[in-house]
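The values are calculated or read from the model by the stated rules, or taken from the named source; none is laboratory data. Predicted model, so just to flag it, every value in this text is computed and none were measured. Virtual Cβ from ideal backbone geometry, glycine too; neighbours counted across all protein chains shown. Side chains are part of the model used for accessible areas, which takes the heavy atoms of the whole protein and leaves out ligands, DNA and RNA. Shrake-Rupley method; radii C 1.70, N 1.55, O 1.52, S 1.80 Å.
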Amino acid sequence: MVAIKDLLVPLSTLSALLSTSLAAPATEAPATCTNPVLRKEWSAATAAERSSYLKAVLCLATKPSRIGLPTTLYDDFSYIHNQLNLHIHGVAQFLPWHRYFIHVYEAALKDCGYTGVAMYWDWAKASAAPASDPVWSLTAGFGGNGNTSTPNVPMSRCIDGPLKTLRPTYYGETVRSHCVLRDFVAAIPQADPPLQEMIGWQYSQEVIDGILSSNPTFFTFHSALEGGPHGVVHAGIAGWSNGDMGPLTSPNDPIFFLHHTMVDRVWWQWQQGNPGARTNDFSGNEFGDVPGTLDTVMLMNSLAPNRKVGDFMSTKTGDLCYRY
Ligand SMILES: [Cu+2]
């Protein structure tokens, strides 16, 4: 297997690219955001919106890489998410970086003909029976749990449904074309306490409400959300086979973006709890134990320009104009 690092562009090229992106003008920002668009929950979307979304996801896999890889635009998202791991997880910018990442993805879907906006999967609402949520529909959704009868050696458990033809290239640190793999954590009713399907009890609305009400500062709020429901949903979908939602190439599974849009929604709800104090509340350390600030530059490794944290704190300034 080829290691991902063997595909890396030489460091000099990369730093040249990075400085170009830093110098590049910011994408055209709306002058004002007076009419923010409403991001929808998947099951609240119309059949036409869902089908347009899924078609655009497939379309990404037909577009060339924007970052100089021999693979597709679809793969770019997984590739840089893995590449930037230490800069974007377990650090202060986890929430604003993923907010920006969703925005870049949404724009890519629109370039592929999608006319709607980013959507989310409300896993809190679904937490009592996450596996039967309509988001997994085999006809108009993300294709449910992996099917054990579809071996793709050494991986199996390929998804079905409209996205079953996807063949992401990267898996963790390796280059290995594969189907999208899911292995929902099964319920173990006889365990003590009983293990619920996809570990749903750890991301119930009650849990979310607790996180929202007991964390008045960004610092503890961010940790509770990233380390709690965010991580558990990844694990509940990836399962024991370490499906695509497990490794750092998790954007391979298109549900990643609906999951992270829900994470973004919970952050937005927290900000709405006290907009004056919380919209720009940002603290914690970045990679290398440097304190994060609103001026911290977030890397997008030439998939999009690098941008400052402060540009993505509000959903109604700069490039952003949406609400939940
Ligand atoms: Cu991530």
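Structure notes:
- Out of T27, T34, one residue alone is at pLDDT 50 or above, part of a loop (DSSP other than H, G, I, E, B) and either touching a Phe, Trp or Tyr at 6+ places or on another chain (Cβ under 8 Å) or surrounded by fewer than 16 Cβ atoms within 10 Å (Cβ to Cβ) (or both). It is T34.
- Scanning the stretch 173-198 for residues that are open to solvent by 30 Å² or more (accessible area, probe 1.4 Å) and assigned to a helix (DSSP H, G or I) yields a total of 1.
- Boolean, P96 is touching a strand residue (DSSP E or B) at 6+ places or on another chain (Cβ under 9 Å) and either more than 16 Å from the ligand (Cβ to nearest atom) or open to solvent by 20 Å² or more (accessible area, probe 1.4 Å) (or both): no
- The conditions of being on the phi > 0 side of the Ramachandran plot and open to solvent by less than 40 Å² (accessible area, probe 1.4 Å) are met by G161.
- Any hit, the stretch 200-219, residues being in contact (Cβ under 8 Å) with a residue 40 or more places away in the chain, within 16 Å of the ligand (Cβ to nearest atom) and assigned to a helix (DSSP H, G or I): no
- Test: residue in the stretch 124-138 that is β-branched (V, I, T) and over 13 Å from R50 (Cβ atoms): no
- Qualifying residue in the stretch 209-219 (condition: of a type outside the set (S, T, N, Q), modelled with pLDDT under 95 and open to solvent by 40 Å² or more (accessible area, probe 1.4 Å)): no
- Selection status of G227, within 16 Å of the ligand (Cβ to nearest atom), within 30 Å of E197 (Cα to Cα), open to solvent by 50 Å² or more (accessible area, probe 1.4 Å) and not aromatic (F, W, Y): yes
- Candidates in the stretch 74-83 are the residues that are touching a Phe, Trp or Tyr at 6+ places or on another chain (Cβ under 8 Å) and open to solvent by less than 10 Å² (accessible area, probe 1.4 Å); of these, the one that is farthest from F221 (Cα to Cα) is D75.
- Which listed residue is among the acidic types (D, E) and either free of Cβ contacts under 8 Å to residues at least 24 places away in the same chain or in contact with a strand residue (DSSP E or B) (Cβ under 7 Å, 6 or more places away or on another chain) (or both), from D183, D133, D160: D160
- Some residue of the stretch 313-321 being of a type in the set (V, I, T), crowded, with 20+ Cβ neighbours inside 10 Å and within 16 Å of the chain's Cα centre (by Cα): no
- Residues that are within 30 Å of V290 (Cβ to Cβ) and open to solvent by 40 Å² or more (accessible area, probe 1.4 Å) were ranked within the stretch 54-73; the one that is farthest from the ligand (Cβ to nearest atom) is G68.
Residues are listed down the side, and each one gets a yes or a no for (1) farther than 15 Å from C179 by Cα; (2) among the hydrophobic types (A, V, I, L, M, F, W, C); (3) open to solvent by 20 Å² or more (accessible area, probe 1.4 Å); (4) over 19 Å from the mean Cα position of the chain (by Cα):
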{"position": "D111", "(1), (2), (3), (4)": "yes, no, yes, no"}
{"position": "W123", "(1), (2), (3), (4)": "yes, yes, no, no"}
{"position": "S127", "(1), (2), (3), (4)": "yes, no, no, no"}
{"position": "F142", "(1), (2), (3), (4)": "no, yes, no, no"}
{"position": "N145", "(1), (2), (3), (4)": "no, no, yes, no"}
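- Test: residue in the stretch 109-121 that is within 16 Å of the ligand (Cβ to nearest atom), closer than 23 Å to M298 by Cα, in a loop (DSSP other than H, G, I, E, B) and at pLDDT 95 or above: yes
- Complete set of residues in the stretch 267-296 that are surrounded by 15 or more Cβ atoms within 10 Å (Cβ to Cβ), under 19 Å from N85 (Cα atoms) and among the hydrophobic types (A, V, I, L, M, F, W, C): F287
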